[in-house]
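Report on the structure given below.
Computed from the coordinates by the stated procedures, all read-outs in this text should not be read as laboratory data. Nothing here was measured: the structure is a model prediction, and the numbers come from that model. Neighbour counts run over all protein chains shown; Cβ positions are idealised from the backbone, glycine included.
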Amino acid sequence: MELTRAYKFRIYPDATRQEEIDERLILAQQFYNKILEKSIASYKNGKTKISMAQFNRFVKEIIQEDKKYLKLYSQTRCEIEYRLLKAYSNFFRRIKEGNRKAGFPRFRSGDRYKSITYPQDNGSFSVKKGRLRVSRIGTMPIELHRKIEGAIKTLTIKREGRNYYAVFTTINEIKVPQVENINPVGIDLGLDSFVAMSDGTKIEKPKFMQQKRKKIAKWQRIVARRKKGSKRRESAKFRLQEEWKAATNQSNDFMHKLSDKLVQGGFTSFAVEALHVDNMLKNHRLSQSIQNASWNRFIQMLSYKAESAGMKVIKVDAMNTSKECSNCGNIQDMPLSEREYNCVRCGMRLDRDINASINILKRATLGQRGSKAQGEGVRPQQGAVLEELRTDKTHPLRDAVIA
């Protein structure tokens with residue numbers, strides 16, 4: 001099995017190398033906008049077809065008009081074309097799906113274009129003795145805090161605030177173990193508790209973004225007050241970016257540790273809801289909390305880690321998982337304010353989220369041999385993960401577990 005992984009390392013360009021990177025970021029942003037501008041003009045002239053061949057013709061015109069874009073590595077220019085082509089593809093897909101907000105490709109400002117990519121390891125970059133060499137930019141120290149496994153395929157140079165990073169994409173051939181699916185578990189993702197599992201485990205996610213809210217709001221006000229284009233405004237924007245980044249890093253760290261713990265916790269498959277977050281965000285009272293929860297990001301982490309361990313992550317229809325009784329199948333209204341499911345038909349009383357996780361497990365494993373979710377006797381038992389989290393006083397997730 002081919003496993004694709006990304007490795008992100010901090011790089012330390014000197015002043016000259018920083019200028020080279022910043023100049024190419026500006027050129028890449030302008031290049032993107034130029035292609036988009038020509039594609040819009042072409043559409044207005046009656047040429048509606050969007051293709052890579054058409055973009056290639058635009059690129060020739062752009063370079064003939066201004067030779068400065070030759071400073072961009074040739075394959076980096078191709079990757080910019082692919083970015084715009086993907087933006088158009090997503091736009092047409094959303095139109096086909098009937099989405100009212102189809103999201104036509106937009107012109108990028110300098111604040112929204114922060115990376116350039118070298119899509120092939122063909123001599124355009126190399127790593128030797130703790131230094132990264134990049135074509136037409138030069139060499140710079142790189143902090144290789146872990147070993148890169150597999151064949152390097154691409155390199156992306158990113159600027160985040162005042163810091164610079166190198167992101168390598170690798171492909172590694174691994175042997176996936178054969179795991180018999182004898183201990184599946186259902187997982188319900190929510191706002192009251194981040195994870196509720198069919199074995200009775202509930203884990204809360206610390207409110208990282210809420211903890212940073214005051215500082216973020218403070219720097220947003222400062223940025224708004226300062227004059228556009230001034231150095232003080234740029235400095236304030238960097239501080240604002242650092243506050244957002246700190247909260248994002250904390251959230252990602254929590255989800256990485258939790259997904260690792262679940263994959264190593266003795267389960268053999270994971271059943272989750274097929275969430276449609278875009279539709280859920282239409283609820284304006286909960287949209288900010290839903291975005292901060294990062295459910296899709298967590299499922300993505302759990303999926304690739306489970307896959308490499310020979311396990312499956314099964315997505316099931318999310319309809320009525322919270323309204324359905326996991327004991328008798330009765331469906332009744334469940335307002336968000338009600339945190340316990342009290343079945344009016346069979347009298348079962350169970351935590352709302354645990355009940356939903358059992359329903360998720362049943363939908364994923366119904367009819368499979370060895371499944372513990374085939375009959376009505378599926379009841380939450382305190383699993384090994386919960387016990388281990390409670391007894392391991394040094395584990396970072398211990399305080400998150402709800403008794």
Determine the distance separating the Cα centre of the stretch 122-180 from the Cα centre of the stretch 332-361; give it in Å without decimals. 47
Relative to the longest principal axis of the chain, what angle (0 to 90°, nearest 10) does the C-alpha long axis of helix 15-44 take? 80
Nearest 10 degrees, 0 to 90: helix 208-225 Cα axis against the chain principal axis: 30
Only helices counted: for the chain, with every DSSP H run of 4 or more residues adding -39500 (n - 2.57) and the sum spread over all residues, [θ] at 222 nm is -13500 deg cm²/dmol
Radius 15 Å from Cβ of VAL59, net charge of other residues (Lys, Arg +1; Asp, Glu -1): +3
Treating the beta-carbon of each Lys and Arg as +1 and of each Asp and Glu as -1, no other charges, what is the dipole magnitude of the chain about its Cα centre, to the nearest 20 debye? 2300
Rank GLY229, GLY130, SER337 by how far each Cα sits towards the positive end of the charge dipole of the chain (+1 on Lys, Arg Cβ; -1 on Asp, Glu Cβ) and give me just the farthest. GLY229
Other residues with Cβ under 15 Å from the Cβ of ASP333 give, with Lys and Arg +1 and Asp and Glu -1, a net charge of +1
Note down the relative contact order for the chain as a percent, whole number, built from C-alpha pairs under 8 angstrom at least six residues apart. 17
In the chain, with Lys and Arg counted as +1 and Asp and Glu as -1 at Cβ, which of these residues, THR321, GLY103, ILE148, has the Cα nearest the positive end of the dipole, that is, farthest along it? GLY103
With only Lys, Arg, Asp and Glu charged, each at its Cβ (+1 for the first two, -1 for the last two), find how big the charge dipole of the stretch 2-173 is about the Cα centre; round to the nearest 20 debye. 460
